[in-house]
């Protein structure tokens, strides 16, 4: 997965907005104003920080060398993934989907309903 594919998978999510509130090099993806992904778009290879179920986060870290505790984030709820090809693309896409869904689930019901695509 390259940087463009990574960013496109995030921005294709309903209600996604992106920007650089922390400055260059940290592309922040939000849904309804809440962060679900932070892409280090100046890193080579790129990294992406994603929200994760706190019980699953340490399991992923022990299963994949490319997964580390969230960089400058709450280590219990965030993982940072180095997108270097060692984790299959479909797995990274699934983690992005999970992060988006976790953030979406924490939003008010009316906001969730306005973003439903099904």
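What follows is calculated from the coordinates using simple rules that are stated; it is not laboratory data. What you see is a predicted model, and the numbers here were worked out from it, not measured in a lab. Because the Cβ atoms are built from the backbone with ideal geometry, glycine has one as well, and the counts that use them run over all protein chains shown.
Tabulated values for the structure
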quantity	calculated
Helix-only CD estimate at 222 nm, as mean residue ellipticity for the chain, using -39500 (n - 2.57) per DSSP H run (n ≥ 4)	-10000 deg cm²/dmol
Which of 59, 104, 50 has the fewest Cβ neighbours within 10 Å, and the rest in rising order	59, 104, 50
Order of 29, 1 - criterion: other Cβ atoms within 10 Å of each residue's Cβ, fewest first	1, 29
Nearest-ten-degree value, helix 89-105 long axis tilted from longest Cα axis of the chain	40 degrees
Relative contact order for region 1-51, counting Cα pairs under 8 Å that sit 6 or more residues apart, in percent	25 percent
Residues 13, 75, sorted so that the one with the fewest Cβ neighbours within 10 Å comes first	75, 13
Prolate/oblate/rounded call for region 4-47, Cα gyration tensor, a/c under 1.5 rounded	oblate
GNM result for the chain, Cα springs below 10 Å: residue of 47, 11, 82 fluctuating most strongly	11
Candidates 105, 32, 68: whichever shows maximal mean-square fluctuation once the chain is modelled as a Gaussian network with Cα springs under 10 Å	105
